[in-house]
1. From the set of residues in the range 81-112 that are assigned to a helix (DSSP H, G or I) and of a type in the set (Phe, Trp, Tyr), which is farthest from residue 178 (Cα to Cα)?
2. Those residues that are over 10 Å from residue 254 (Cβ atoms) and either surrounded by 13 or more Cβ atoms within 10 Å (Cβ to Cβ) or modelled with pLDDT of 80 or more (or both), I need them from the range 324-338; list them, please.
3. Does the range 271-293 contain at least one residue that is closer than 17 Å to residue 147 by Cβ, in contact with a Leu (Cβ under 8 Å, 6 or more places away or on another chain), outside any helix (DSSP H, G or I) and at pLDDT below 75?
4. Quick one: in the range 242-270, of everything that is among the aromatic types (Phe, Trp, Tyr) and in contact with a Ser or Thr (Cβ under 7 Å, 6 or more places away or on another chain), which residue is nearest to residue 325 (Cα to Cα)?
5. Considering only residues of the range 106-129 that are buried (at least 18 other Cβ atoms within 10 Å of the Cβ), among the aliphatic types (A, V, I, L, M) and in contact with a helix residue (DSSP H, G or I) (Cβ under 7 Å, 6 or more places away or on another chain), which is farthest from residue 185 (Cα to Cα)?
6. Which residue, of 138, 103, is over 15 Å from residue 195 (Cβ atoms) and either at pLDDT 80 or above or surrounded by 11 or more Cβ atoms within 10 Å (Cβ to Cβ) (or both)?
7. Test of understanding: among 200, 223, which residue is of a type in the set (Ser, Thr, Tyr), modelled with pLDDT of 65 or more and surrounded by 19 or more Cβ atoms within 10 Å (Cβ to Cβ)?
Amino acid sequence: MDILSAHSPIKFGFPSLKLFTLPPSQPYKPTPRPPPTTSSHVLAKSLFQRINIDPGLFYTSLDIKFVLTFTAIYVTTVLYLNQYNARRQYRPWRFTKTSTFKALVVAHNAFLALFSAWTFVSLFTILFPLWNLAVAEAGPNYYAHVAELLCETDSSAYRVLPISKSLWEAGGSYVGWLFYISKFYEVIDTLIILARGKRSSTLQTYHHAGVIICGWATVLYESPLGAIGYTYFTLQTLGISVPVSFKRTLTKLQLAQFFVGWIWGYTYLFMSYKVPMDVTVKGINNGSTPALKAGMSTSENAVSCLSDSGEAFTIIVTSIYIIPLIYLFGQFYIKAYMKQGK
């Protein structure tokens, strides 16, 4: 089923059943390469880009055993400290009343606000030059090239036209990995709440535990709100009054973020793009693009945006994670701002 015209280079239809095989796998994807160790042309002046990423650290951080172990330790610690605070009748821990603790909290929130803003700006400075390059190189295959740019991060998997830079090579790998790693650091948010003698809510615990697993998939739509949110926490820690209307608007934006992310993710499942016939035939004959064969849909030269069941599994798991998050944020909004005329 194609919801666009027959001549459209981008098509929407039911995905191939090959994308839903278990266990999920990525037989056509090479092992992820660590981000470049030298500054890219886009982020050459960035402080973060000057930090070289150790390949061992990179691969360890992407090991599912490491991710699940860290998440399990986080959840177990939170559950224990919730009980500990309950036994203490939710009294703040002694050191939270010191000026040092306040300074650390301000520094923590200010750093994450600036880092989130840097992530958001960096992604746009990476994407726009690539977009312009697609216009210059793609010719009549412009829309297919743009679709490929968004679907494939690795230029070795490109099928429409060769492009000098992929999202991965142009700096997207660097920004995305640092943003992903920041999700591990953000569990300090929960520790700050617990140190103040409060209980970590289900929303707080679920959000931070789940976002570690799905964090890399949220880079495009979470970073701007992270900048706003942590700016708010910084002001709050400094004792600066923040209007309730601002808090309410921030929660609405977070809910909108989850809805957009949920819809955006599922778009990848149903989208395909047309490859020029000569490119398709050449790729099949020389065997250079096995992902092309796996991604073929009912149209002879339409390639699925997703290449394998590993990519589809990631989209589905992330989307399932977002559904309870929308419910929990909705419950928080109702309780905080709608009941008792707040």
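The values are calculated or read from the model by the stated rules, or taken from the named source; none is laboratory data. Everything numeric here is computed off the predicted structure, so don't read it as measured data. For neighbour counting, all protein chains shown are included, and Cβ atoms are generated from backbone atoms with ideal geometry for every residue, glycine included.
1. Selected residue: 84.
2. Residues satisfying the conditions are 324, 327, 328, 330, 331, 334, 335, 336, 337.
3. The answer is yes; a qualifying residue exists.
4. The qualifying residue nearest to residue 325 (Cα to Cα) is 262.
5. By that ranking, first place goes to 126.
6. Going through 138, 103 in turn, just one is over 15 Å from residue 195 (Cβ atoms) and either at pLDDT 80 or above or surrounded by 11 or more Cβ atoms within 10 Å (Cβ to Cβ) (or both): 138.
7. 200
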